[in-house]
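Okay, structure first, notes after.
The values are calculated or read from the model by the stated rules, or taken from the named source; none is laboratory data. Everything numeric here is computed off the predicted structure, so don't read it as measured data. Here the Cβ positions follow ideal geometry from the backbone for every residue, glycine too, while neighbour counts run over all protein chains shown. Note: areas computed on protein heavy atoms with side chains; ligands, DNA, RNA excluded. Shrake-Rupley method; radii C 1.70, N 1.55, O 1.52, S 1.80 Å.
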Amino acid sequence: MKKPLLPAKKVCGGNKQITDREGLVKLLRWHFGHSDFRGKQFEAIQAVLSGRDCFCLMPTGGGKSMCYQIPALAKPGIVLVVSPLIGAMENQVTALKEKGITAEFLSSTQTTHAKTKIHEDLDSGKPSTRLLYVTPELIATPGFMSKLNKIHARGLLNIIAIDEAHCISSWGHDFRPSYRKLSSLRNHLPDVPILALTATAVPKVQKDVIESLCLESPLLLKSSFNRSNIYYEVRYKDLLDNVFNDLSALLKSSGDVCAIVYCLERATCDELAAHLSKHGISCAAYHAGINNNLRSSVLDDWMSSKIQVVGIDRKDVRLVCHFNIPKSMEGFYQESGRAGRDQLPSKSILYYGIDDRKRMEFIISNAENKKGQSSGGSREGSSKKSLSDFKLMVEYCEGSGCRRKKILENFGEEVPPSLCKKSCDGCKHPNQLVQYLEELATIAAGRQRSGLSRIFLSSSNDKVGGEQMSEFWNRDDEVSCSDEDISDSDDGIENAKREAGCKASRRAGVNAKIELLERAEERYYRNQNCDKPSHKSDKNAITEAHREASRKRLTDSVKQASQRLGNPSIEIETSANFLENECFNKYGKSGKTFYYSQVASTVRWLATATSSDLTNRLGNVTPTSPCRSKVPTEASPKETVDEGNRTGTTSPELHDNTAAAVESGISSASTPGPPASASTKLPPIPSFSEFVNRNKPNHNSRTRPLDDSQSQNKRQKKT
Ligand SMILES: Nc1ncnc2c1ncn2[C@@H]1O[C@H](COP(=O)(O)OP(=O)(O)OP(=O)(O)O)[C@@H](O)[C@H]1O
Ligand SMILES: [Mg+2]
């Protein structure tokens with residue numbers, strides 16, 4: 001409900017300025033209903049009210065807005081707020097108006113009539129506007145700057161707040177060229193205190209912001225970046241049968257909550273929105289490619305809870321999903337931080353795929369190359385920087401251990417081990433995570449061996465010079481996909497061009513990609529079925545002990561499925577044997593890499609299968625058909641190798657790191673099982689990069705994974 005407008009004297013201190021803590025807390029309570037200031041809010045408010053510049057670093061949801069909203073109420077005059085996001089601006093202005101605070105915004109999305117009214121108020125002797133939100137593009141126009149000068153000349157411009165100030169820095173994840181122009185503010189309005197606010201803690205960015213805005217001896221305020229109310233998790237696309245379905249299941253299981261899903265491309269955003277809607281989830285796509293009217297109505301619907309999933313600000317967002325890996329940790333932190341801004345428990349789920357990783361590497365190197373060409377100089381340093389930023393993001397996804405620790409260390413924060421309290425998947429399910437990473441590595445290596453490496457695992461510095469790459473990605477179309485957040489910008493034409501680009505060619509690219517995958521897979525199996533040197537088959541052989549371990553794993557999963565479905569009539573052991581046999585029949589000849597992968601995929605399928613799925617797949621499995629006896633006789637070469645393993649001729653690789661193998665959940669050593677499996681020594685679990693490097697074909701010098709042994713060492717040291 002709207003709060004009635006209150007007499008200016010009573011709520012805003014009339015012509016007096018309020019600077020004492022008590023008075024300011026009163027304003028906070030009266031207008032916003034918060035009992036006291038949080039973190040460094042009071043210090044920031046006090047600094048700007050006393051005329052001092054301030055650089056305020058607070059995490060997303062930390063309450064930065066209050067640092068300029070309270071001063072606007074504490075002193076007669078106007079606080080100018082520069083914000084790059086029209087959505088966020090509209091949002092704040094509406095919320096303030098509902099509280100009876102006169103706030104306005106000026107942007108290209110407004111009607112001329114609305115703009116004229118605001119300008120009339122600003123030109124009047126006593127403007128009622130306390131907070132004026134504008135875009136950086138408007139500041140850059142000479143007309144508006146002279147208006148600001150006039151307001152200032154009348155002694156009415158109290159503070160300039162630069163929200164999301166990291167946008168000014170080309171070291172930041174969200175650099176906006178128009179923000180650079182804000183440096184003129186200090187020249188034109190030298191005595192107005194500037195408050196720079198950001199949630200980006202990278203030291204280079206801080207320095208750049210302070211220098212670019214010409215802040216004079218600013219008060220530096222920093223808060224911890226830990227978002228203790230957010231649970232962090234990564235899901236691995238390559239291990240999921242259907243990512244769209246997984247996301248829709250996730251959203252459904254989260255209940256009727258608000259969620260944001262970030263996608264790299266608009267096409268995915270639209271496609272996903274269509275998929276989710278089909279599955280009964282109220283959602284809408286929100287990106288720069290949709291027209292203003294539609295965008296506003298999407299925003300309205302979301303704000304009023306009519307739709308559940310969209311891509312913008314709201315404080316009770318319970319879930320933020322990244323459908324593609326973001327390009328930097330800072331960007332990820334900001335976006336995931338949109339969850340739980342009301343401090344209530346929330347989740348950040350990132351869907352990570354090997355393919356996405358390569359795509360992002362391509363986008364980053366290509367964008368930097370383009371910048372380099374257009375600026376006529378070398379942007380090698382910047383390119384390396386972007387790639388190393390991205391590498392941290394990859395480490396976040398591909399590493400085991402605490403996700404929270406990785407995030408905070410990225411911002412230079414020391415993290416005590418007790419901090420996370422099992423509020424990330426790395427701390428809550430460490431063994432499961434290790435197992436997933438192993439499976440992911442297996443899949444990546446499998447692709448590489450099957451001849452797909454040039455496409456999926458080529459070096460990020462590759463510049464995609466080869467014909468193969470251009471088959472899949474349209475370079476011109478992809479370069480700056482993340483620039484979708486709505487600035488008023490000069491980038492409009494660029495956006496339109498990009499949008500008009502090759503969505504069709506991307507679809508063709510996807511089809512080509514699928515075809516190629518199929519061809520490569522066929523080729524791979526053909527080769528697998530040919531005679532091979534025996535040492536190769538030895539290494540990848542599936543031993544009876546491996547099979548026993550898989551049966552055990554599938555037995556557990558069938559048991560869980562039976563409990564989940566409340567169906568005690570499922571023949572657990574028989575079904576597990578049947579499924580294992582299915583995996584073996586399909587991939588037994590291809591070796592254990594593919595066999596394991598298939599077992600893992602079956603385990604995942606069991607986790608979500610319905611009763612009818614089970615009936616369809618298991619058919620007439622009889623309790624008396626132990627599948628071990630069904631092992632096809634043509635598998636005898638493998639069985640020969642099995643014997644070798646049992647008598648201790650396994651390759652040395654199979655003997656170390658039993659602990660890791662136990663953790664992987666493949667070995668049954670952690671649970672009582674038949675002797676054969678208990679004595680199994682499964683392969684050590686390498687890091688993702690180790691695995692990829694180990695399997696890298698020597699002849700292909702183009703293939704180089706992003707990670708390297710150095711970074712692996714670093715990771716080990718860190719954790
Ligand atoms: N002192 C306070 N006590 C309780 N809640 C507060 C306080 N200050 C701000 N909040 C609440 O915290 C939430 C986040 O505030 P705000 O939007 O200002 O955060 P922010 O730091 O600007 O985040 P972002 O980086 O996402 O823009 C809001 O719901 C706000 O009402
Ligand atoms: Mg904010």
Problem - Sequence ranges 227-234, 143-150, 109-116, ranked by mean other-Cβ count within 10 angstrom, highest first - result: 227-234, 143-150, 109-116
Completion exercise
Counting sequence-distant residues (5 or more places) and residues on other chains, those with an amide H built under 5 Å from that of Y262 are C321, H322, F323
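From the protein chains alone at 1.4 Å, what is the descending order of accessible area for T19, T543, largest first?
Details: T19 65, T543 5 Å².
Largest accessible area first, the residues go T19, T543.
Compute the relative contact order of segment 63-217 as a whole-number percentage, counting only Cα pairs closer than 8 Å that sit 6 or more residues apart in sequence. All intermediate terms of the calculation are to be shown ahead of the outcome.
Working: 225 pairs, mean separation 40.4, N = 155.
Relative contact order for segment 63-217 comes out at 26 percent.
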Exercise for the section: Pairs to check: K552/K586; K64/K147; K204/K406; K97/K126; K181/K406; K252/K315. Give those whose C-alpha atoms are more than 22 Å from each other in this structure. Expected result: K64/K147; K181/K406
Handout entry: Exposure of R29 as accessible area (Å², to 10), given a probe of 1.4 Å and all protein chains
Key = 140 Å²
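Could you work out what % of the accessible surface of segment 61-183 is carbon and sulfur, using a 1.4 angstrom probe and leaving DNA, RNA and ligands out of the count?
57 percent
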Problem - Of Y436, L408, C420, farthest towards positive along the dipole that unit charges on Lys, Arg, Asp, Glu beta carbons give segment 395-447 - result: C420
Handout entry: Magnitude of the charge dipole, segment 207-250, Cβ model with Lys/Arg +1 and Asp/Glu -1, debye to 20
Key = 160 debye
Handout entry: Using θ = phi - 60° and Karplus 6.51 cos²θ - 1.76 cosθ + 1.60, couplings along segment 240-257 (whole Hz; Gly, Pro as x)
Key = 9, 5, 8, 5, 4, 5, 4, 5, 5, 5, 4, 5, 5, 6, 6, x, 8, 10
Practice task
Give me the accessible area of H166, 1.4 Å probe, in Å² rounded to the nearest 10.
Solution key: 0 Å²
